[in-house]
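**Q** Just dropping this structure here.
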Protein chains: 2
Amino acid sequence: MPSGSSGQATINDIARLAGVSKKTVSRVINRSPLVHPETREKVEALIREHNYAPDPMARGLAFRKSFLIGMIYDNPNAQYIVHMQNGALDSLRGSGFELVVHPCDSKNADYVDGVRQFVLQQRLYGVILVPRVSEDQALVDMLREIDCRYARIGAVELDDHTSMITTNDREGAVEVAKYVESLGHRHIGLITGPHRYLSARERGGGFLQTLAQRGIKVPAKYTVEGGYTFESGVACAERLLALTPRPTVIFALNDEMAAGVYKAAYRLGLRIPDQLSVVGFDDSPLASRLWPSLTTVRLPIRDIGLRAAAMLLQEPGSNAAPVAFTPHLVVRESCQPPE
Amino acid sequence: MPSGSSGQATINDIARLAGVSKKTVSRVINRSPLVHPETREKVEALIREHNYAPDPMARGLAFRKSFLIGMIYDNPNAQYIVHMQNGALDSLRGSGFELVVHPCDSKNADYVDGVRQFVLQQRLYGVILVPRVSEDQALVDMLREIDCRYARIGAVELDDHTSMITTNDREGAVEVAKYVESLGHRHIGLITGPHRYLSARERGGGFLQTLAQRGIKVPAKYTVEGGYTFESGVACAERLLALTPRPTVIFALNDEMAAGVYKAAYRLGLRIPDQLSVVGFDDSPLASRLWPSLTTVRLPIRDIGLRAAAMLLQEPGSNAAPVAFTPHLVVRESCQPPE
DNA sequence: CTGAAAGCGCTTACAG
DNA sequence: CTGAAAGCGCTTACAG
């Protein structure tokens, strides 16, 4: 018989029914070991029976921290964001924590201050930092300064492993290099992402280095810098396809740009994969919807989101193992040996 | 000189500095008219000076409502979700409200109860209901029962206009019908969405009805029901393209399925638009990345999200005008007159 | 137009 | 292992 007008039981109801103080109920809620097992069971039974859940605002007010996790991102790839959100929610479910989204524009000078206000005003429990904001040391420094927990997702280990999730983008690009080489391609084009993106440097570096190790040198003009957008993919592909000898394969460092390569190729009347092989990176929905379907590299984004949120909920003291993921090549229909 | 250890000023700091009671500061925060203009100005100046923002948890606890807006959705289209979120955040910015995301699975019998728990436990201020969950009357009935405000987005006016945003999907399909007819097509294929989706019924109905008004009858077998997925688009297109006479145009009720039509056409060696015209619906990123780029129908999703959030923040008493949007045809390269 | 009191539902010290 | 007191930072209901 709840006392609140909202029909929800409160800690006082449970305490009264259990014949204990509310402090004891509080101990049960917070999994304090200092509760007699019998008392604990009685309280837990009552909690279940009344479907009691502590009010996050009351708890947060006393705790001086909300039960909210912020997801901070500046990533134009909607599928990536939604997968990441779903993964984070997978691990938040049942924990009493909720996910608050905070898109931002890292090109805007005062976005760090915007995040600061957000964290402070909402008294966020912690934040998930998605690339590319996760690569911004100024942002991270600010978060440390205001003592906000964070989980940072990045292509290489940028931080202490208790707050870092490493995606090893380089390894995905290495796989692409080996695959392309094994098919027999020797005239190879590369469309990189913006150089300020760590992912672009890692992917591009891993690709070129692996080819070099296998004796394949990619001349400088066969590497062009794109902007991770469809349009830049079209433009970069047009430049590459005007080269002599024409590349027989183009690796675009994300799927968006790979789709741009398709467009440029079709405009020139080049058939994929017969006359031009193409590889992307991300395994976005686009990849399987293009025709022919795109060979690309996949990272388990949802799992990454899950681990990021789980990392935030972990006891600060617990010594967790480093969290790392490895991307994998997904072979579809867009590559074949050169004619 | 804030008293809190977090470095954030509290209502007590402002009250003390202004030489008024905290109740008066509270009145200023809550825009009560019962404050002397001079007092108000003094308090407001102090608020600005100290960059004071009321603690949403303390406020929510006293208010018995959080400053959180939930976005409830069951929509596989990531771009749609992200645009909607961005729109909602556009209108929440600076209001002190934040957006909490809640994906769910409306095929799961107890998803309504999941939403109920979410709303009750977080004491949500209100929720934005995105199609297809916005079409579920059982969900809405539950929300009314627990007295939770909602903004409902749907193809037709399903509810009181103070909580309804109407997207008029039918009108977009009417435009498609007129366009297709004007190009001279007479053998027309339609791939609908699942019949339980209001959007599918509205789009399909508007299309067929408009054609009928113009004297074009689409035989029953030229209409097939897809699942709003890429794969269903492929399968449905294969059925349609096996018909005699073969349709010279296919209207797929979303872009995903239209991409499937592309795949089926290419497999059969049919060139788009020379031998087959295609129209989609949504103007997803896919649409402009396909080759040839897809003629489709666009709805301003971000604006819709913005209006939905704004509707929730509106004073309950204020008599707002109905909010409606009209979709528009975006002509690209995927249609031409039949050969 | 303004304020003192009580309370929202929890937790943090502190004491035992 | 358990609890009474005080407090987190606000608002409601009441009084003036």
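The values are calculated or read from the model by the stated rules, or taken from the named source; none is laboratory data. The structure displayed is predicted, hence computed values, not measured ones. When we count neighbours, we look across all protein chains shown, and the Cβ atoms used for this are built from the backbone with ideal geometry, even at glycine. For the accessible areas, the whole protein counts, side chains as well, though only heavy atoms, and no ligand, DNA or RNA atoms are used. Shrake-Rupley method; radii C 1.70, N 1.55, O 1.52, S 1.80 Å.
**Q** At A:Arg16, label 7 Å along Cα→Cβ: distances to the other copies, nm, ascending?
**A** Here the equivalent label points are 3.7 nm apart from this one.
**Q** While we're here: Taking chain B as a Gaussian network, where each spring joins two C-alpha atoms under 10 Å apart, which residue of B:Thr210, B:Thr223, B:Thr24 fluctuates the most?
**A** Comparing B:Thr210, B:Thr223, B:Thr24 in the GNM, the peak value goes to B:Thr24.
**Q** Would you mind working out the magnitude of the charge dipole of the protein assembly as shown relative to its Cα centre, with +1 at each Lys and Arg C-beta and -1 at each Asp and Glu C-beta, to the nearest 20 Debye?
**A** The dipole magnitude comes to about 220 debye.
**Q** Then there is this: From Cα coordinates alone, what are the radius of gyration and Dmax values for segment B:189-339 in angstrom?
**A** 17.3, 61
**Q** Now a separate question. Normalised by the residues of segment B:169-299, what does the relative contact order come to in percent, with Cα pairs under 8 Å and at least six apart? Walk me through the intermediate numbers first.
**A** On the way: 252 pairs, mean separation 31.0, N = 131.
For segment B:169-299, the relative contact order is 24 percent.
**Q** If you place +1 on the Cβ of every Lys and Arg, -1 on the Cβ of every Asp and Glu, and leave all else neutral, what size is the dipole of segment B:258-339 about its Cα centre, to the nearest 20 Debye?
**A** Here segment B:258-339 has a charge dipole of around 240 debye.
**Q** At 0.36 nm per residue, and after removing the present C-alpha to C-alpha distance, how many nm does the segment from B:Glu145 to B:Lys23 gain when stretched out fully?
**A** This chain segment gains 40.6 nm when fully extended.
**Q** Return a whole-number percent for the relative contact order of chain B, with Cα pairs under 8 Å and 6 or more residues apart as the contact set.
**A** So the answer I get is 16 percent.
**Q** Rounded, prolate or oblate for segment A:11-54? Axes are the square roots of the Cα gyration tensor eigenvalues, ordered a ≥ b ≥ c, and the cut-off for rounded is a/c under 1.5.
**A** Values: a/c = 1.39, a/b = 1.37, b/c = 1.01.
Since a/c stays below 1.5, the shape of segment A:11-54 is classed as rounded.
**Q** While we're looking at this one, here's another question. Using only atoms on other chains, find how many Cβ atoms lie within 10 Å of each Cβ of peptide A:55-68 and report the average.
**A** Across the residues of A:55-68, the mean count of other-chain Cβ atoms within 10 Å is 6.
**Q** OK, next. Put a dot 7 Å past each Cα toward the Cβ at B:Leu313 and A:Ala320; how far apart are the dots in nm?
**A** With each label point 7 Å from Cα toward Cβ, the separation is 3.4 nm.
**Q** Could you work out the relative contact order of segment B:11-54? I mean the mean sequence separation of Cα pairs under 8 Å and 6+ apart, divided by the number of residues, in percent.
**A** 37 percent
**Q** Same structure again: Beyond a 27 Å Cα-Cα separation, which of these cross-linked pairs lie in this structure: A:Lys221/B:Lys263; A:Lys23/B:Lys23; A:Lys65/B:Lys42; A:Lys263/B:Lys107; A:Lys221/A:Lys263?
**A** Pairs exceeding 27 Å: A:Lys221/B:Lys263; A:Lys23/B:Lys23; A:Lys65/B:Lys42; A:Lys263/B:Lys107.
**Q** If you don't mind, another one. So what is the calculated 222 nm ellipticity per residue for the protein assembly as shown, using -39500 (n - 2.57) for each DSSP H run with n of 4 or more, over all residues, to the nearest 500 deg cm²/dmol?
**A** Rounded to the nearest 500, the figure is -13000 deg cm²/dmol.
**Q** So for segment A:1-136, what are the equivalent ellipsoid semi-axes in whole Å, largest first, each being the square root of 5 times an eigenvalue of the Cα gyration tensor?
**A** Listed largest to smallest, the semi-axes of segment A:1-136 are 38, 15, 13 Å.
**Q** Taking the label point as lying 7 angstrom from Cα along the Cα-to-Cβ axis, what are the distances from B:His328 to the corresponding position in the remaining copies, in ascending order and in nanometres?
**A** 4.6
**Q** Which residue, A:Glu41, A:Glu202, A:Glu157, has the most motion in a Gaussian network model of chain A that connects Cα atoms within less than 10 Å?
**A** Sorting by GNM fluctuation, first place goes to A:Glu41.
**Q** Over all distinct alpha-carbon pairs, what is the Kirkwood Rh of chain B in angstrom?
**A** 22.5 Å
**Q** What's the magnitude of the charge dipole for chain B around its Cα centre, counting Lys and Arg as +1 and Asp and Glu as -1 at the beta-carbon? Answer in Debye, nearest 20.
**A** On the way: 38 positive and 37 negative charges, 40 e Å.
Its charge dipole is roughly 200 debye.
**Q** Whenever you get a sec, line up B:Glu256, A:Glu171 from highest to lowest accessible area (probe 1.4 Å, protein heavy atoms).
**A** I get A:Glu171, B:Glu256, largest accessible area first.
**Q** Going out from 0 in 10 Å bins, what whole percent of all Cα-Cα distances in the protein assembly as shown drops into each bin?
**A** Bin by bin from 0 Å, the calculated values are 3, 14, 21, 23, 19, 12, 6, 2, 0.
**Q** Further question on the same structure: With a cap of 15 neighbouring Cβ atoms within 10 Å, and only residues DSSP puts in a loop, list the trypsin sites (Lys or Arg not before Pro) found in segment A:33-71. Provide the component values of the computation, followed by the final result.
**A** Details: sites: A:Arg40, A:Lys42, A:Arg48, A:Arg59, A:Arg64, A:Lys65; in loops: A:Arg64, A:Lys65.
Those satisfying the criteria are A:Arg64.
**Q** Can you list the HN-Hα couplings for segment B:265-275, worked out from phi with the Karplus curve (6.51, -1.76, 1.60; θ = phi - 60°), rounded to whole Hz and with x for Gly and Pro?
**A** Using θ = phi - 60°, the values come out as 5, 5, 4, 7, x, 8, 8, 9, x, 3, 9 Hz.
**Q** For the charge dipole of the protein assembly as shown, defined by +1 on Lys and Arg C-beta atoms and -1 on Asp and Glu C-beta atoms about the Cα centroid, which residue among A:Phe118, A:Gly227, A:Gly205 has the Cα displaced farthest towards the positive pole?
**A** Positive-most Cα among the choices belongs to A:Phe118.
**Q** In addition: Just to confirm the numbers: A:Asp274, label point 7 angstrom along the Cα-Cβ line, distances to the other copies in nm, shortest first?
**A** 1.3
**Q** On to the next question. Quick one: among A:Arg170, A:Arg239, A:Arg201, which has the greatest mean-square fluctuation in a GNM of chain A with alpha-carbon springs under 10 angstrom?
**A** Evaluated over chain A, the most mobile residue of the options is A:Arg239.
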